[in-house]
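Okay, so here's the structure we're looking at.
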Amino acid sequence: MIIKERCEPIELEIMKYIKVRSTLSATEMKNYSVLLKGYEGEKEFDKWTENLSCDCFILNDLLLEYDHNVFQIDTLLITHETFYLINVKNYDGDYYYESAKWFTLSRSEIKDPLLQLKRSDYLLQQLIRSLGFPNYSTEALLVFINPHFHLYQAPMNLPIIYPAQLERFKNKLNKQTAKLNDRHSKMAKLLISLHKTTSFYTQIPDYDYEQLNKGIVCSSCSSINLNLNKDKVVCLKCGCVEPVELAVLRSVEEFKLLFPNKKITTQMIYEWCAVIKSRKTIRRILRTNFKHIGYGSSSYYVSD
Ligand SMILES: [Zn+2]
């Protein structure tokens, strides 16, 4: 039973928008690809957890804190006996393991993904104890989801589930017959209530309103070359057609995410959407869908 869904990371969403509206540097592009690949791996793993038949709670994408240490868990699987803390990696290609270090085949060392896992496991155990549930044990696992991943020279005892072992791991979990009880559900709810939403992002490039290209972005292919055709916007690249109102509302949501401190005004959204030639249309859409605050040129809109 999934009791906390995974959402697209805000950092990734912001990067996607900036990518369309400006030019990312090579490093920024790389950061973006890493974020995207990681998220795709997590979504792939979610398909796997959907098929679990044992009695369990699935909490995706938790950001928790214990004693001022923030830690992140891709998936927490709560079964009767054990809390499985799972971090998902979407690495592909060949890697090797030597003296507790990780390398690519071209001999460049990468960050040991087990270190982060161990730290999260330790902090989770402490947190669970501090919340008054000393009897639950945790098991931390690193899941490699990509079938094209291979790790040479890996010792047998690493807490890793390789792609070829996922099916057996599922069978093992599905054999558990013990049912969850009220304490499990209390614990799960408590952890969800402690989930933090972060407001600082390390990977996002600097951007400002002036620099970004204005226009409506196609909902289908992410092109910014759209034309207005009566009450529809038409993508010049893929031909996708969308009612103006929906396209404007999407753009407002994007604007709110990119510029949480800017006020939504008719003029602002008119400039931001660029392709809509009538301020009146923008004003009508904003009035219908948002709450209007203030008068005249200093008035603005907020979500209802
Ligand atoms: Zn398109």
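The values are calculated or read from the model by the stated rules, or taken from the named source; none is laboratory data. This one's a predicted model, so the numbers in the text were calculated from it and none came from an experiment. Note that we place each Cβ from the backbone using ideal geometry, even for glycine, and neighbour counts take in every protein chain shown.
Picking from residues in the range 10-40 that are under 9 Å from the mean Cα position of the chain (by Cα) and without any contact (Cβ under 8 Å) to a residue 40 or more places away in the chain, the one that is nearest to T198 (Cα to Cα) is L12.
Among the residues of the range 243-262, some residue qualifies, meaning at least one is among the β-branched types (V, I, T) and either within 26 Å of the chain's Cα centre (by Cα) or away from the ligand (no atom under 16 Å from the Cβ) (or both). Looking across K186, K172, one residue alone is surrounded by fewer than 15 Cβ atoms within 10 Å (Cβ to Cβ) and closer than 20 Å to N60 by Cα. It is K186.
Filter the range 199-233 down to residues that are more than 16 Å from the ligand (Cβ to nearest atom), under 16 Å from F259 (Cα atoms) and touching a residue at least 24 places away in the same chain (Cβ under 8 Å) and give me whichever is nearest to the chain's Cα centre (by Cα). The residue in question is Y201. Which residue pairs have Cβ atoms closer than 6 Å, lie 6 or more positions apart in sequence or on different chains, and pair a first residue in the range 170-189 that is in the same structural domain as N51 (by TED's automatic domain parsing) with a second residue that is of a type in the set (S, T, N, Q)? Here the result reads N174/S53; Q176/T79, each pair linking the range 170-189 to a residue that is of a type in the set (S, T, N, Q). The set of residues in the range 95-147 that are in a loop (DSSP other than H, G, I, E, B) and either within 19 Å of V70 (Cα to Cα) or among the small types (G, A, S) (or both) comprises S99, A100, S106, S108, K111, D112, L131, G132.
Within the range 42-77, being over 21 Å from the mean Cα position of the chain (by Cα) and of a type in the set (A, V, I, L, M) holds for one residue alone: L52.
Being under 25 Å from the mean Cα position of the chain (by Cα) and either among the small types (G, A, S) or within 16 Å of the ligand (Cβ to nearest atom) (or both) is the requirement here; does S278 meet it?
So S278 does not fit the description; no.
You will find that of I145, I192, the residue that is surrounded by 13 or more Cβ atoms within 10 Å (Cβ to Cβ) and farther than 19 Å from F83 by Cα is I145 and no other. Residues that are modelled with pLDDT of 95 or more, crowded, with 20+ Cβ neighbours inside 10 Å and not in a loop (DSSP other than H, G, I, E, B) do occur in the range 29-39, at least one of them. Residues that are free of Cβ contacts under 8 Å to residues at least 60 places away in the same chain and not β-branched (V, I, T) within the range 43-60 comprise K43, D46, K47, E50, N60, listed in sequence order.
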